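Comments concern the structure below.
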Amino acid sequence: MGGTIRFGISLDSELLEKFDRLCEERNYPTRSEAIRDLIRNELVQREWQDQNQEVAGTLTLVYDHHQSDLAQKMIEIQHSALDVIISTLHVHIDHKNCMEVLVLKGAVKDVNDISQRLTSTRGIKHGKLSLSTTGKDLI
Ligand code: NI
């Protein structure tokens, strides 16, 4: 981690007003904190452009557990990616719907591959991969 550097930004006044409203809505205590988060978010997005970069994220799946063979198929797919799936959380949402959250860590291509294989499984109602980072290259 380097030292803290202060720098000025020239900005259109209306754009700054909009930014200040956004900071307020998102509860940022200062513009600096908001800008830091925006920069980090861009850097995380960029990590995901490199197929070999190690990343972390979560995959959320919603499905009806009555769907025939679905649970078995999901288990088989998950067992084929032991190195990428770090942890899973299963929640019974109601009588028929289940939510499964998988914590994933690995190369972008492997995380995307397992996410796509699970999301596209017949019977999955919704699958959403949330991109995050291992944090190793972030400050
Ligand atoms: Ni369940």
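The values are calculated or read from the model by the stated rules, or taken from the named source; none is laboratory data. Predicted, not measured: the structure shown is a model, and the values here were computed from it. Cβ placement follows ideal geometry from the backbone for every residue including glycine, while neighbour counts extend to all protein chains displayed. In case anyone asks, the SASA skips ligands and DNA or RNA and just uses the protein heavy atoms, side chains included. Shrake-Rupley method; radii C 1.70, N 1.55, O 1.52, S 1.80 Å.
Before moving on, here are some points about what is shown:
- Only Lys, Arg, Asp and Glu carry charge here, each on its Cβ (+1 for the first two, -1 for the last two); on that basis the chain has a dipole of about 140 debye about its Cα centre.
- Area of K136 that stays accessible when all protein chains are in place (1.4 Å probe, Å², to 10): 140 Å²
- Residue among I39, I85, H65 farthest towards the positive dipole end of the chain, charges placed on Cβ: H65
- The residue list Q53, V108, I75 was ranked by how far each Cα lies along the charge dipole of the chain toward its positive end, using unit charges on Cβ atoms, and I75 comes out on top.
- Here D37 sits with roughly 60 square angstrom of accessible surface, probe radius 1.4 Å.
- Shape call, segment 17-72: gyration tensor on alpha carbons, a/c limit 1.5: oblate
- Each 10 Å bin from 0 upward holds the following percent of the Cα-Cα pairs of the chain: 10, 31, 24, 21, 11, 3.
- Only helical runs count toward this figure. For the chain, summing -39,500 (n - 2.57) over DSSP H runs of n ≥ 4 and dividing by all residues gives -12000 deg cm²/dmol at 222 nm.
- In loop segments of segment 82-114 as defined by DSSP, the trypsin sites (Lys or Arg not before Pro) with at most 11 further C-beta atoms inside 10 Å of their C-beta are K96.
- 14 Å beta-carbon shell around A107, net charge (K/R +1, D/E -1): -3
- Under the simplified labelling scheme, the H92-R117 pair shows an inter-label distance of 2.9 nm, with each label point 7 Å from Cα along Cα→Cβ.
- Calculated accessible area for the chain comes out at 71 Å² per residue, all protein chains present (probe 1.4 Å; ligands, DNA, RNA ignored).
- Annotation: R36 carries an accessible surface of approximately 100 Å², with a 1.4 Å probe and no ligand, DNA or RNA atoms counted.
- Of all accessible heavy-atom area on segment 54-131, the percent that carbon and sulfur account for (1.4 Å): 53 percent
- Remark: segment 64-77, residue by residue, has Karplus-estimated 3J(HN,Hα) of 8, 6, 7, 4, 5, 6, 4, 4, 5, 4, 4, 5, 4, 5 Hz, where x stands for each Gly or Pro and the curve is 6.51 cos²θ - 1.76 cosθ + 1.60 at θ = phi - 60°.
- Across segment 46-60, coupling constants 3J(HN,Hα) worked out from phi with the 6.51/-1.76/1.60 Karplus curve, θ = phi - 60°, read 5, 3, 6, 7, 9, 4, 9, 5, 7, 9, 9, x, 10, 10, 10 Hz, and Gly and Pro carry x.
- Compactness of segment 54-131 - radius of gyration and Dmax, Cα, Å: 11.8, 38
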